[in-house]
1. Applying the selection to segment 29-65, what residues are over 30 Å from residue 97 (Cβ atoms), assigned to a loop (DSSP other than H, G, I, E, B) and modelled with pLDDT of 95 or more?
2. Go through segment 157-193 residue by residue and tally those that are without any contact (Cβ under 8 Å) to a residue 24 or more places away in the chain and not in a strand (DSSP E or B).
3. Just one of (1) touching a strand residue (DSSP E or B) at 6+ places or on another chain (Cβ under 6 Å); (2) more than 25 Å from residue 119 (Cα to Cα); (3) modelled with pLDDT under 95 trips up residue 151, so point out which.
4. Which of the residues belonging to segment 137-156 are crowded, with 17+ Cβ neighbours inside 10 Å and part of a helix (DSSP H, G or I)?
5. Select, from 52, 25, the only residue that is touching a strand residue (DSSP E or B) at 6+ places or on another chain (Cβ under 8 Å) and either surrounded by fewer than 17 Cβ atoms within 10 Å (Cβ to Cβ) or over 30 Å from residue 178 (Cα atoms) (or both).
6. Of 97, 82, which residue is more than 27 Å from residue 172 (Cβ to Cβ) and out of contact with any helix residue (DSSP H, G or I) (no Cβ under 9 Å at 6 or more places or on another chain)?
7. Take segment 82-106 and flag every residue that is surrounded by 13 or more Cβ atoms within 10 Å (Cβ to Cβ), touching a strand residue (DSSP E or B) at 6+ places or on another chain (Cβ under 8 Å) and assigned to a loop (DSSP other than H, G, I, E, B).
8. Output the qualifying pairs, or none if there are none: Cβ atoms under 6 angstrom, residues six or more apart or on different chains, first residue in segment 89-114 and touching a residue at least 60 places away in the same chain (Cβ under 8 Å), second residue in a helix (DSSP H, G or I).
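The values are calculated or read from the model by the stated rules, or taken from the named source; none is laboratory data. None of the values given here were measured: they were computed from a predicted structure. Counting neighbours? That spans all protein chains shown, and the Cβs are built from the backbone with ideal geometry, glycine included.
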């Protein structure tokens, strides 16, 4: 079965964006950019591939999940298919159907949709945000990869928005960067629901 991987940048105090949805304080310094280009190229937007020297991004994902707030910044820049190299699922009850064939607007229950998507053949699925969608899908997240940034912002969009429901993950790997970012890779414990 395909795995659902929540791969996201966060502040030390657990926010993935500011109160207004901004995330420019989550820097992409050269050391982290080089690591992402070499190991996680599919998580970089298609329009940025030439800048990073990426021709055909290969990796473990063939699909990406986004909440409306994660999709909106690209729309504001005129980018209607930010990850054109992946099948993109945008969860929104208000967006009209997308014009691009690789973008599907999903207005149904995210949990049931993702559980069915995980049963389909294919590679793993990247959950890129946001906090509300991640909160709904947390019981189905198989891996959590957090690019922990060395900053505190005080308030904003949390890593997950969910009622109190402790979920434990096992640490698989850590990778510190000179820029101060630490990449933390966790997996759901075997047998955990």
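1. Selection gives 29 alone.
2. The total comes to 6.
3. So the condition that residue 151 fails would be (3).
4. 137, 138, 140
5. 25
6. Going through 97, 82 in turn, just one is more than 27 Å from residue 172 (Cβ to Cβ) and out of contact with any helix residue (DSSP H, G or I) (no Cβ under 9 Å at 6 or more places or on another chain): 97.
7. 82, 83, 86, 92, 95, 98, 102
8. Qualifying pairs under 6 Å: 114/137; 114/140.
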